[in-house]
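The values are calculated or read from the model by the stated rules, or taken from the named source; none is laboratory data. Keep in mind the model is a prediction, meaning the values are calculated, not measured. Cβ placement follows ideal geometry from the backbone for every residue including glycine, while neighbour counts extend to all protein chains displayed. Just so you know, the surface numbers come from the protein's heavy atoms only, side chains and all, with ligands and any DNA or RNA stripped out. Shrake-Rupley method; radii C 1.70, N 1.55, O 1.52, S 1.80 Å.
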Amino acid sequence: MAEMVHRAGGKIGVQLAHAGRLCKNPPGVGASNHSLRSGDREVAACIPADDAVMDRVINAFAAAAHRAKQAGFDCVQLHMAHGYFLSQWLSPLFNKREDQHSGSIENRLRFPLRVVAAVRTIVGADFPILVKLNVSDFHDDGLTLVDSTAVVLALARAGVCLVEASGGTPLSRFVPIRRGSESTEGYHRDGAAAWSAALRASGLSAQTRVAIVGGVRAAATAQRLIDDGVCDVVSMARPFIRQPDLVALWEKTPDLAKAECISCSRCFEPIRRGEGLFCPVKHALLAKAKQVAQ
């Protein structure tokens with residue numbers, strides 16, 4: 001995969017994630033073992049991570065990063081968002097420990113920073129490490145923008161070269177994947193702007209960039225987010241499932257209204273059925289057009 005992307009003139013990274021307590025079979029591990037509920041949504045109790053588990057996870061992240069580099073990938077991204085394992089340490093919603101890893105954001109950062117340090121040691125000084133991070137958990141008891149900004153600055157000082165602004169957990173008012181609209185494109189823009197401002201004020205913006213993900217569907221919106229200093233990079237996912245050549249189309253036609261993606265998230269359906277990754281809406285339209293042509 002890496003070779004194919006390089007032959008096409010691109011760069012490619014791999015995201016490294018641990019589901020933590022969101023793993024259902026077998027029961028997952030987490031920063032704390034209490035069950036959580038919000039309305040009809042629940043995150044079950046889990047096995048609390050002890051020192052041995054923490055060491056194994058750190059080593060697993062480092063080993064995965066090493067494999068990614070050996071396979072030819074250009075960077076790795078550590079997933080610290082959405083209520084996954086590393087996010088669970090940062091969030092007071094999930095982290096109810098009574099040791100040096102709980103309480104202040106500096107304490108809640110201890111374990112994630114150990115993961116970053118282990119990955120940096122094994123991949124070397126020049127290999128880019130990226131992080132996906134919640135600007136906020138969007139939950140009254142969760143990670144706040146103030147705390148996530150402190151996390152961004154700590155990650156910058158630890159050598160992370162880019163932080164991607166995302167948000168939400170399975171229990172939040174706003175879950176990580178939403179139905180977007182033209183009025184809500186770039187729905188993490190306020191958080192990303194706060195991060196960018198903090199990095200500039202701390203003199204760290206040259207070494208650590210900010211990306212934003214979430215509902216961006218128009219080239220004009222992406223350009224405006226960058227021009228306004230909200231972020232340095234715009235990330236997208238679902239639009240590329242619908243239109244893998246979207247960036248090339250935007251380059252050829254800058255005034256192209258927007259991506260064809262309607263943010264319905266039906267692209268998860270074939271994944272869950274083990275059928276691969278594609279847009280069912282586009283697949284159905286192509287099938288209908290083929291029938292009409294026949």
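For the stretch 198-211, does any single residue satisfy the condition of being under 30 Å from His34 (Cβ atoms) and modelled with pLDDT of 95 or more? No, every residue in the stretch 198-211 fails to be under 30 Å from His34 (Cβ atoms) and modelled with pLDDT of 95 or more. Quick check on my filter: what residues within the stretch 263-294 are in contact (Cβ under 8 Å) with a residue 24 or more places away in the chain and open to solvent by less than 90 Å² (accessible area, probe 1.4 Å)? Those that are in contact (Cβ under 8 Å) with a residue 24 or more places away in the chain and open to solvent by less than 90 Å² (accessible area, probe 1.4 Å): Ser263, Cys264, Ser265, Cys267, Phe278, Cys279, Val281, Lys282. Entry remark, the stretch 3-22: residues being out of contact with any helix residue (DSSP H, G or I) (no Cβ under 9 Å at 6 or more places or on another chain) and under 13 Å from Gly83 (Cβ atoms) number 0 in total.
Taken as a whole, the condition of being aliphatic (A, V, I, L, M), closer than 30 Å to Thr149 by Cα, in contact (Cβ under 8 Å) with a residue 12 or more places away in the chain and buried (at least 19 other Cβ atoms within 10 Å of the Cβ) does not apply to Val233.
Take Asn95 and tell me if it is more than 20 Å from Pro128 (Cβ to Cβ), under 23 Å from the mean Cα position of the chain (by Cα), crowded, with 17+ Cβ neighbours inside 10 Å and not aromatic (Phe, Trp, Tyr). Considered against the rule, which asks whether it is more than 20 Å from Pro128 (Cβ to Cβ), under 23 Å from the mean Cα position of the chain (by Cα), crowded, with 17+ Cβ neighbours inside 10 Å and not aromatic (Phe, Trp, Tyr), Asn95 comes out as yes.
For the stretch 193-200, check the following and say yes or no: at least one residue is among the aromatic types (Phe, Trp, Tyr) and either over 29 Å from Gly20 (Cα atoms) or open to solvent by less than 10 Å² (accessible area, probe 1.4 Å) (or both). The answer is yes; a qualifying residue exists. Could you grab me the full set of residues in the stretch 147-171 that are under 16 Å from the mean Cα position of the chain (by Cα) and either within 12 Å of Asn134 (Cα to Cα) or charged (D, E, K, R) (or both)? Passing the criteria: Ser148, Thr149, Val151, Val152, Val163, Glu164, Ala165, Ser166, Gly167, Gly168, Thr169.
Reported count of residues in the stretch 111-147, each being open to solvent by less than 10 Å² (accessible area, probe 1.4 Å), farther than 24 Å from Val230 by Cβ and touching a Lys or Arg at 6+ places or on another chain (Cβ under 9 Å), is 1.
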